[in-house]
1. Please go through region 14-27 and give me each residue that is within 11 Å of the ligand (Cβ to nearest atom) and in a helix (DSSP H, G or I), ordered by number.
2. For region 162-169, check the following and say yes or no: at least one residue is at pLDDT 95 or above, hydrophobic (A, V, I, L, M, F, W, C), closer than 20 Å to residue 26 by Cβ and open to solvent by 30 Å² or more (accessible area, probe 1.4 Å).
3. Those residues that are basic (Lys, Arg), more than 16 Å from the ligand (Cβ to nearest atom) and surrounded by 14 or more Cβ atoms within 10 Å (Cβ to Cβ), I need them from region 124-154; list them, please.
4. Please work out which residue is farthest from the ligand (Cβ to nearest atom), limiting yourself to region 94-121 and to residues that are open to solvent by less than 50 Å² (accessible area, probe 1.4 Å) and over 11 Å from residue 55 (Cα atoms).
5. Find all pairs meeting these conditions: Cβ atoms under 8 angstrom apart; at least six residues apart or on different chains; first residue within region 137-155 and among the basic types (Lys, Arg); second residue open to solvent by less than 80 Å² (accessible area, probe 1.4 Å).
6. Would you mind finding the one in 54, 11, 34, 46 that is under 16 Å from the mean Cα position of the chain (by Cα) and more than 13 Å from the ligand (Cβ to nearest atom)?
7. Among (1) hydroxyl-bearing (Ser, Thr, Tyr); (2) buried (at least 20 other Cβ atoms within 10 Å of the Cβ); (3) free of Cβ contacts under 8 Å to residues at least 24 places away in the same chain, which single condition is residue 36 missing?
8. Condition test on residue 158, is it surrounded by fewer than 13 Cβ atoms within 10 Å (Cβ to Cβ) and modelled with pLDDT of 95 or more?
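The values are calculated or read from the model by the stated rules, or taken from the named source; none is laboratory data. It should be emphasised that the depicted structure is a prediction, and the values quoted were computed from it without experimental measurement. Ideal geometry is used to build each Cβ from the backbone, glycine not excepted, and the neighbour counts take in all protein chains shown. These area figures cover heavy atoms from the full protein model, side chains too; ligands, DNA and RNA do not enter into them. Shrake-Rupley method; radii C 1.70, N 1.55, O 1.52, S 1.80 Å.
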Amino acid sequence: MIVDEIRDYVAGECKSGRNAFGPAFFDEHLSVVARYAVELGGTLGADLEIVELAAWMHDLSAVQDFAVLPKHAALSAEIARKMLQERGYPAERIERVAACIASHSTPIQIGSGLLEEVCVSNADAISQIVKPSYWHYYIFKVRGFGFTEGRDWLRQRVASHWVALIPEARSLIETQYAQVEVCLKL
Ligand SMILES: [Fe+2]
């Protein structure tokens, strides 16, 4: 099945020494995005295969080369197009996967894009709220921020993502958000 093949490929890329996000990125970020994107997809009636393919591949360009981080959404969409074309995936579906990847960095509201884009972009934001240990690792170890700068980056990121989530996404993580919000203020 194509989803399994893509997930396994991405898992291998995450284990590679060139993955600057660290090997935990697969379990602590990509798997979390996939899980919440599929959960939202079930609630909203999205195409779950499109959602899951996009979730596994949405950060792939930056996993392969951290230097492209500022434009990783567009580049990951390009990589996904190529990989799915090579595997004979239908062109119309490839474009939907690519759209989800290209727009994943900010939560999309219902009616402002494909339902699948809503799911992946909201799940990406959710993952940055519910996995504070990984995101501390990311900001202090991977990005090398100083204490105040990193703390404020996390506070700002969690607060802005929470506000931007669709109500269906917010209701999935209400408890975790309340706990993380308290911890980040300490
Ligand atoms: Fe992501």
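1. Correct list: 25 only.
2. no
3. Across region 124-154, the qualifying residue is only 151.
4. The selected residue is 94.
5. As it stands, the answer is 141/22; 143/150; 151/184; 155/184, since those pairs meet every condition given.
6. 11
7. It is condition (3) that residue 36 fails.
8. Against the criterion (surrounded by fewer than 13 Cβ atoms within 10 Å (Cβ to Cβ) and modelled with pLDDT of 95 or more), residue 158 does not qualify.
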